[in-house]
1. Going by the alpha-carbon gyration tensor, a ≥ b ≥ c the square roots of its eigenvalues, is region 135-286 rounded (a/c under 1.5) or, if a/c is not under 1.5, prolate (a/b greater than b/c) versus oblate?
2. Springs between alpha-carbon atoms under 10 Å, Gaussian network over the chain: tell me which of Ser187, Ser108, Ser44 tops the mean-square fluctuations.
3. How many percent of DSSP beta bridges within the chain run antiparallel, rounded to 5?
4. Can you give the calculated 222 nm mean residue ellipticity of the chain, where each DSSP H run of n ≥ 4 adds -39,500 (n - 2.57) and the sum is split over every residue, rounded to the nearest 500 deg cm²/dmol?
5. What is the chain by shape, rounded, prolate or oblate, if you read a ≥ b ≥ c off the alpha carbon gyration tensor as root eigenvalues and call it rounded for a/c under 1.5, prolate for a/b larger than b/c, and oblate otherwise?
6. Give me the percent relative contact order of the chain, please, defined on Cα pairs under 8 angstrom at least 6 residues apart.
7. Which of Ser63, Ser27 comes first, and how do the rest follow, when ranked by fewest Cβ neighbours within 10 Å?
8. Quick one: among Thr150, Thr71, Thr80, which has the greatest mean-square fluctuation in a GNM of the chain with alpha-carbon springs under 10 angstrom?
Amino acid sequence: MTTVLNNPLRPALLAAARSPRLEATMSKMRITRQLVDRFVAGESEPEAVAAVRGLLDSGRFVSVDYLGEDTTDAALAAATVDAYLSLMQSYSTLGARTPALEVSLKLSALGQGIDRDLALENARTICAAAEHAGVWVTVDAEDHTTTDSTLSIVRELREDYPDLGTVLQAYLKRTEADCRAMAGPRSRIRLCKGAYNEPASVAFQKPADVSDSYLRCLRVLMEGDGYPMVASHDPEMIDAADRFALAAGRAVDTYEYQMLYGIRDGEQKRLVADGKNVRVYVPYGNQWYGYFMRRLAERPANLMFFVRSLVSRS
Ligand code: FDA
């Protein structure tokens, strides 16, 4: 099976994910939009809220991400904060709270690349509003050059907001140690394989090594005192989560499964029918390019579908 890291086009696609020129070209193509719709809930807040309502009705939890990353403009970072505040106001119409409702943040969209403390204060504003609204917050993981800064911001914020969650990426060699350090009471760690182009000096390169690392990290989290969030579509990781939770004597509501909007919908529903907590990561907004390219890089079949659509149109 071709999975996340053994796609030969992956490095090129991930490099393209950071190209403003390609972004401008692709954003104008109508066919791109059709495939984007599979992975993104819409460009506007009402579209995102409609998707959330449907997922909640089906028994799933949600985490909504206002798309955007690598912001170099403080005004744009402030606009991102406003988007989250407005989204959480709209959440109040849904008649749900934690654990069903969550938002996910990228610190680079909140100004981390401009000034670490700007991102910290922007994230703090969102955490304060989320606490008031009864909404969980989880901080996404970006490329490895940001990991130390991100984890230090999360540690600082957790002093005031102990339920703040964070993402750890199993492809990073450091992550097993980070899991051990962070699996304490009230921690919420979302464990994923990792979606960026990382060098061999810091990250496992072979899919089998990434999976092995994921399993080691997952075991640490399941044996810990926190709330593990199993973010993977991989059947092997999903089965292992069940086994590790059982071995650790965990009740079914002390951990959850997470998948991305538009991916393995049937499996999400199967897990819900089996009594499991399942959260769907729901991205929305017009800055979808980087997110979309990472989804293409993950799966050659997605890329082939895109290329075939282009060819059949031309
Ligand atoms: P893997 O890639 O091995 O896929 C297993 C199977 O899942 C595939 O065979 C296919 O059936 C299906 N699948 C996987 N990706 C697919 C796709 N794009 N389209 C269609 N089918 C697909 N990464 C990161 O670096 N930082 C982050 O903050 C996050 N956040 C995050 C949140 C949540 C809730 C999830 C589920 C994932 C992330 N990720 C992430 C992405 C993650 O790192 C990883 O790139 C993808 O989840 C793919 O890895 P899998 O574990 O699913 O396995």
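1. Numbers: a/c = 1.27, a/b = 1.17, b/c = 1.09.
Here region 135-286 falls in the rounded category.
2. Ser44
3. Details: 1 of 32 bridges.
Here the antiparallel bridges make up roughly 5 percent for the chain.
4. Values: 13 runs with 157 residues, N = 314.
That comes out to -15500 deg cm²/dmol.
5. Working: a/c = 1.26, a/b = 1.11, b/c = 1.13.
Note, shape of the chain comes out rounded.
6. On the way: 524 pairs, mean separation 81.1, N = 314.
Reported relative contact order: 26 percent.
7. Numbers: Ser63 26, Ser27 15.
Ascending number of Cβ neighbours within 10 Å: Ser27, Ser63.
8. Ranking Thr150, Thr71, Thr80 by mean-square fluctuation puts Thr71 first.
Just so you know, all these numbers are worked out from the coordinates, no wet-lab data involved. Note that this is a predicted model, so its numbers are computed, not measured. Don't worry about glycine lacking a Cβ; one is built from the backbone with ideal geometry, like all the others, and counts go over all protein chains shown.
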